[in-house]
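Reviewing the structure listed below.
The values are calculated or read from the model by the stated rules, or taken from the named source; none is laboratory data. This structure is a prediction, so every number in the text was calculated from the model and none was measured. Here the Cβ is made from the backbone with ideal geometry for all residues, glycine too, and neighbour counts use every protein chain on show.
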Amino acid sequence: MRTALVYHEDMTAPRLLWEDPECEIECPERLTTAMGLLQQRGLEQRCLRLAAREASEAELGLVHSPEYVVLLRGTQALGTEELQALSGQYDAVYFHPSTFHSARLAVGAGLQLVDAVLTGAVHNGLALVRPPGHHSQRAAANGFCVFNNVAIAAKHAQQKHGLHRILIVDWDIHHGQGTQYIFEDDPSVLYFSWHRYEHGRFWPYLQESDAVAVGQGQGRGFTVNLPWNQVGMGNADYMAAFLHVLLPLAFEFDPELVLVSAGFDSAIGDPEGQMQATPECFAHLTQLLQVLASGRVCAMLEGGYNLESLSESVCMTVQALLGDPAPPLSGPMVPHCSALESIQSVRAAQVPHWTSLQQQDLTPVLSPSTCTPEGRPSPLLSGGPEFKVAAAQATAALSALLDQMHLRRTPPVRTAVSLTGLDAALALPSDILHQEGSALKEETQAWARLHEALAKDEPVSALGKESSSVAATRAPAAAATLDMAIRCSLSRGAQRLLCVAVGQLDRPPDLTDDGYAPCVMCPSSPASLWVPRRNGWVGQRGPGNNARRVSSTEGQHFQHPYPQTLPHLPTLEGEWAVTHTHVSMGPLSLKRRTLWLNIRGKEAAALSMFHVSMPLPGTTGGFLNYLLALVLPLAYGFQPDLVLLALGPAHGLRDPQAALLAALLRAPAGCRVLALVDEESTPQLAGVLAQVLHGEAPPCLGPFCVASPEDMQALMHLRGQLEPQWKLLQVAGETGNKAPADCLGPWGTALLQSSEGRGAHVLGLGCCPEPVHSRATRIVRLFPAPTSLPGPGGLKSARVGVFTPQK
Ligand code: Q9C
Ligand code: ZN
């Protein structure tokens, strides 16, 4: 099995035995609710269930002092008053007679998880534990934490499994100062934490939580603190932090294991964090981490005090660990000004220690903050009347979001492989079947010529039922195939199509520079024309057309779950036309856009915000920089329905590079990726792509090698050009005198999307009622035989999909 879930009921025993408003949020229901939802969603059943064992005292001694362990052992026999008195000696801690047992189970759960992953029994996993660990120090309990579960797991991985480099990602909303202290002079553990800080005015009120604390001695540069100085940080801020801070350093560090201090008090609705990231954000963070360390990711629960938000976020994390597609991120992908200042300050503090940050335009940090809190939520004091109102509002908003999310289904089949004459030798996992077709070059070209009449391409259609596809095509036909795939995708209703074309592939000339594509309709097949259900749209504008409204024929109306997070989209709250329409619409074309990224040759040019050309960097460092600093920010900013990844003639990517590109592009489009592979690529390439699109970790890129000055210069040039429109490219706060950005930006279309309705429906093949439980793979021929071209019947019979249930 792929994913372990470690748990023990006894960890629900500790509870607060006296009045203490600060501590009452750390309650047994945190575990029971999260486990309950995992079961209800069928996720728990898909994991390898491990019952937690107690850690030995020797294992506790990997981090804690013998005296402290003895003291804790003694708490089992204390009465309530003695427990309360002892608790009072620590900051934000309560003890219960069951605390020692439960805390040893929490440590043991982490050890079992690390053992399961490092022995290869599973790829990854989650330990659902109480009490949490990251505030706990060598000889002190702190912030609900008794033993430092993650720190002990890291020491264990080093001592028992001989690991040399471990990354700890602490996405809990509090600073894990305990973990920081334990590893601050240790260069073998890279500790990253983001946390609510408010310039030191938030608990635990420590100077050493700020960005300038980078570790000590040999460990300098191996502590990375990203302080959030305002509340209300959301999906875009977290994504920017991963793309511009954590991931560049993590790739350079090249960990053998990733431990996650997985606190969900950083999610929306949490009373402690007061942040706004939605549960699916944790699926994205988890997916991004899985490209590291061959996918060896061990997550351990820390905080998380809004039971609904906590349990949804836990489910999203487990879903991502299982390899399921992540729902697209909701909300505008525009980081907050204050978040950008924080990102700028941590990059500036770390620049001496990481070559991947060097050579970049690191302007000095602005001080004091130029960000006004205007229009931003202000922190609320717990207990006050405003706090209660805000908490109720957050809960209502969260429920609305969750209602929307429940309507979303993931497709039943995760990956399709379409092969045209590519023979054997594919390193596909044993549960992927593949069938070889044999399309001749002439067939391919005939197909491409006829595409307008037959916009019914199987692999593209199949993307409504499957998450991703790989198709191999003959080199001479690559451009025609891509052109056809673009047209088919658009005619099938993709609203935002991201095309990443590597190698010698020209941009179809009829894509306009503002990204609008001509509407390709299939006159013979009204049913095949996809129109957004639930997404709706507010008119259309093709080249030369004026906006018009389509009347609703199916009366479904959509409300964005978080209208308040989209203040710059005033039309959003208008009536949403959601309709099944047909070709009799005639000149009407839906509003569709294509973002064209060409990675090729020497030139770096942004011909428009929807037409970007970049060189293929010559080193691993350069390649990573391009991916993290340019490709992913554009991809996440664009929020595509579908990614077409075309590896054309002379694409020049090594297989691991192509795999990483595909693995990373999977996330922003809800895992709907159609990869087109030039048949002259290595025979293994299609297999490697199928695996990563299926959710496997990409192979290692090879040794980190610093980017060349030319590549960095080209990257900076492109970023400078594109930053005003694509806000996720930013790595620094506004200087205040920049020209206002193109107001439409990508949001002219982005406003049409929501967190809902972009799942299985997207390509209009109807709703798939079953959640994705299958690791089966469908094999579809890309090109039907010429005799089947003329009629839809022929196309149907050309479908050779095979469905294999999960073993
Ligand atoms: N309102 C964990 O999340 N109270 N511990 C802070 C600020 C202590 C949090 C009070 C919070 C401890 C694991
Ligand atoms: Zn926390």
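Among the candidates Ala267, Ala262, single out the residue that is under 19 Å from the mean Cα position of the chain (by Cα), within 23 Å of Ala103 (Cα to Cα) and within 13 Å of ligand 2 (Cβ to nearest atom).
From the options Ala267, Ala262, the qualifying one is Ala262.
Among the residues that make up region 209-222, is at least one of them within 16 Å of ligand 1 (Cβ to nearest atom) and either over 20 Å from Gly269 (Cα atoms) or free of Cβ contacts under 8 Å to residues at least 24 places away in the same chain (or both)?
yes
Name every residue in region 254-269 that is in a loop (DSSP other than H, G, I, E, B) and of a type in the set (Val, Ile, Thr), in order of residue number.
Hit for region 254-269 is Ile268, nothing else.
In this structure, does Asp237 turn out to be assigned to a loop (DSSP other than H, G, I, E, B) and crowded, with 24+ Cβ neighbours inside 10 Å?
So Asp237 fails the test.
Quick test for you: out of Leu653, Leu674, Leu689, pick the one residue that is touching a Phe, Trp or Tyr at 6+ places or on another chain (Cβ under 9 Å) and not charged (D, E, K, R).
Just one listed residue meets the conditions, Leu653.
Select from region 248-267 the residues that are among the hydrophobic types (A, V, I, L, M, F, W, C), in contact with a helix residue (DSSP H, G or I) (Cβ under 6 Å, 6 or more places away or on another chain) and within 16 Å of ligand 1 (Cβ to nearest atom) and list them in ascending order.
Matches in region 248-267: Leu259, Phe264, Ala267.
Checking Phe282 against (1) more than 16 Å from ligand 1 (Cβ to nearest atom); (2) within 19 Å of Val318 (Cα to Cα), only one condition comes out false. Which one?
(1)
So which of Leu86, Leu62 ends up being at pLDDT 95 or above, buried (at least 20 other Cβ atoms within 10 Å of the Cβ) and either among the acidic types (Asp, Glu) or away from ligand 2 (no atom under 16 Å from the Cβ) (or both)?
Working: Leu86 fails: buried (at least 20 other Cβ atoms within 10 Å of the Cβ).
That would be Leu62, the only listed residue that is at pLDDT 95 or above, buried (at least 20 other Cβ atoms within 10 Å of the Cβ) and either among the acidic types (Asp, Glu) or away from ligand 2 (no atom under 16 Å from the Cβ) (or both).
Take Leu307 and decide whether it is surrounded by fewer than 24 Cβ atoms within 10 Å (Cβ to Cβ), under 25 Å from Phe704 (Cβ atoms) and either of a type in the set (S, T, N, Q) or out of contact with any strand residue (DSSP E or B) (no Cβ under 9 Å at 6 or more places or on another chain) (or both).
Considered against the rule, which asks whether it is surrounded by fewer than 24 Cβ atoms within 10 Å (Cβ to Cβ), under 25 Å from Phe704 (Cβ atoms) and either of a type in the set (S, T, N, Q) or out of contact with any strand residue (DSSP E or B) (no Cβ under 9 Å at 6 or more places or on another chain) (or both), Leu307 comes out as no.
Just the residues that are outside any strand (DSSP E or B) and within 15 Å of ligand 2 (Cβ to nearest atom), please, taken from region 270-281. Steps first, answer last, please.
The initial filter retains those residues of region 270-281 that are outside any strand (DSSP E or B), namely 270-276, 278-281.
Those that are outside any strand (DSSP E or B) and within 15 Å of ligand 2 (Cβ to nearest atom): Asp270, Pro271, Glu272, Gly273, Gln274, Met275.
Yes or no, residue by residue, for (1) at pLDDT below 60; (2) over 30 Å from Leu685 (Cβ atoms); (3) among the aliphatic types (A, V, I, L, M):
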{"residue": "His336", "(1), (2), (3)": "no, yes, no"}
{"residue": "Ile343", "(1), (2), (3)": "no, yes, yes"}
{"residue": "Gln350", "(1), (2), (3)": "no, yes, no"}
{"residue": "Val365", "(1), (2), (3)": "no, yes, yes"}
{"residue": "Leu381", "(1), (2), (3)": "no, yes, yes"}
{"residue": "Ala391", "(1), (2), (3)": "no, yes, yes"}
{"residue": "Ser399", "(1), (2), (3)": "no, yes, no"}
{"residue": "Thr410", "(1), (2), (3)": "yes, no, no"}
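Hey, could you check region 143-174 for residues that are within 12 Å of ligand 1 (Cβ to nearest atom) and more than 14 Å from Ala92 (Cα to Cα) and say which is surrounded by the fewest Cβ atoms within 10 Å (Cβ to Cβ)?
Going through the qualifying residues, I end up with Asp170.
State whether one or more residues within region 583-606 are surrounded by 23 or more Cβ atoms within 10 Å (Cβ to Cβ), modelled with pLDDT under 90 and in a loop (DSSP other than H, G, I, E, B).
There is at least one residue in region 583-606 that is surrounded by 23 or more Cβ atoms within 10 Å (Cβ to Cβ), modelled with pLDDT under 90 and in a loop (DSSP other than H, G, I, E, B).
Is it fair to say Val334 is touching a Lys or Arg at 6+ places or on another chain (Cβ under 8 Å) and over 23 Å from Leu111 (Cβ atoms)?
Values: touching a Lys or Arg at 6+ places or on another chain (Cβ under 8 Å): yes; over 23 Å from Leu111 (Cβ atoms): yes.
Criteria met by Val334.
If a residue counts only when it is closer than 19 Å to Leu307 by Cα and in contact with a helix residue (DSSP H, G or I) (Cβ under 9 Å, 6 or more places away or on another chain), which helices (runs of 4 or more DSSP H) contained entirely in region 12-109 have at least 3 such residues?
Of the helices (runs of 4 or more DSSP H) lying wholly inside region 12-109, those with at least 3 residues that are closer than 19 Å to Leu307 by Cα and in contact with a helix residue (DSSP H, G or I) (Cβ under 9 Å, 6 or more places away or on another chain) span 29-40.
State all residues of region 119-142 that are away from ligand 1 (no atom under 16 Å from the Cβ), of a type in the set (Val, Ile, Thr) and in contact with a strand residue (DSSP E or B) (Cβ under 6 Å, 6 or more places away or on another chain); if no residue qualifies, say none.
Hit for region 119-142 is Val122, nothing else.
Give me the strands (runs of 3 or more DSSP E) completely within region 131-232, filtered to those with at least 3 residues that are more than 29 Å from Glu29 (Cα to Cα) and either at pLDDT 95 or above or more than 13 Å from ligand 2 (Cβ to nearest atom) (or both), ordered by residue number.
Hits in region 131-232: 189-196, 223-228.
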